[in-house]
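Only the coordinates and a few stated rules stand behind these numbers; no lab work does. It should be emphasised that the depicted structure is a prediction, and the values quoted were computed from it without experimental measurement. Every residue, glycine as well, gets a Cβ built from its backbone with ideal geometry; the counts of neighbours run over all protein chains shown.
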Amino acid sequence: MNKKVAVILSGCGVYDGAEIHESVITLLRLDQRGAQVQCFAPNVPQLHVVDHYSGDEMDDTRNVLVESARIARGKIKDVKELHVGDFDALILPGGFGVAKNLSDFAISGANCTVQPDVLSATQAFVKAGKPVGLMCIAPALAAKIFGAGVICTIGKDHETAAAVVQMGAEHHECEVSEIVEDAERKLVTTPAYMSAQSISEAASGINKLVDRVLELSQPA
C-alpha cells in the first residue's frame with residue numbers, strides 16, 4: 001500500500017517562506033517512491049515579505065497558505081485540517097519561513113514558540129509514534145516539538161546549533177549529504193541548504209531523509 005505523507009510548507013521563497021528547491025526535491029522524491037502526498041500550511045499572515053531579487057523587505061502583506069499554494073500547485077489545505085490518522089509520516093522543508101512563519105525563531109531564537117496550529121499538528125505525529133522529517137532550519141524546532149533530549153542536526157552552523165542545544169536538543173554535526181536519526185523518536189534530519197552550495201548537494205541529503213522516513217513508516 002502506498003504511504004501517505006503530509007508536507008507542511010511555510011510560504012514560497014527562501015527568505016520569507018519555504019525554500020523552493022527543498023520543497024520540490026521533497027515532493028519529487030516522495031512521488032518517485034510512490035507516496036501519496038498532501039501539502040499543508042498555516043492560514044496566517046507572513047511575518048514580512050522579501051524581494052528575492054534585491055533582498056530588501058517589501059511594504060507588502062502575504063498569506064502563508066496562499067503563498068505555499070504556489071509550490072503545491074493549488075493542492076494544499078489549512079494545517080488545521082491535518083489529521084494524523086490520515087497519514088503515515090510528516091515532513092517539513094526548510095527556508096526562513098520556518099523561522100518566521102511556522103515559529104518566531106528568527107526573532108526570539110532559543111526562546112521561540114511554534115505557531116499553535118503547526119505545533120498541534122506536528123506533536124500529533126510524535127504522540128502517534130509516526131516518523132517526522134525536518135530539514136535545513138526546521139530542526140531548530142525539534143526540541144519544541146519533541147521535547148528535551150531529541151537528537152537532530154542543522155549541519156555545521158555553530159550559532160544556530162548553540163540555540164538548538166540551548167532549547168534542550170542534542171545536536172550532531174552532519175555533512176550535507178547525510179542524515180541524523182533519532183531512532184527512539186523516529187525523527188530524521190538533514191542540513192540541506194544550511195550547508196548546501198548547489199541544488200544537487202541539497203538533494204543528496206533530502207533524498208536520504210525522504211527514503212528513511214518512508215522506511216520508518218513501515219509496520220514494525
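Considering only segment 21-46, how many residues are crowded, with 17+ Cβ neighbours inside 10 Å, touching a residue at least 60 places away in the same chain (Cβ under 8 Å) and not hydroxyl-bearing (Ser, Thr, Tyr)?
9
So, restricting to helices (runs of 4 or more DSSP H) that lie completely within segment 36-123, which ones have at least 2 residues that are farther than 19 Å from Val210 by Cα and of a type in the set (A, V, I, L, M)?
64-71, 105-108
State all residues of segment 47-94 that are touching a residue at least 60 places away in the same chain (Cβ under 8 Å) and under 17 Å from His21 (Cβ atoms); if no residue qualifies, say none.
Ile71, Ala72, Ile91, Leu92, Pro93, Gly94
Condition first: touching a strand residue (DSSP E or B) at 6+ places or on another chain (Cβ under 7 Å) and among the small types (Gly, Ala, Ser). Can you find one or more residues in segment 35-45 that meet it?
Yes, some residue in segment 35-45 is touching a strand residue (DSSP E or B) at 6+ places or on another chain (Cβ under 7 Å) and among the small types (Gly, Ala, Ser).
Take residues that are within 16 Å of the chain's Cα centre (by Cα), under 20 Å from Ser10 (Cα atoms) and in contact (Cβ under 8 Å) with a residue 40 or more places away in the chain and tell me which of the strands (runs of 3 or more DSSP E) falling wholly in segment 131-220 contain 1 or more. Steps first, please.
Numbers: elements: 132-135, 180-182, 187-190.
Hits in segment 131-220: 132-135, 187-190.
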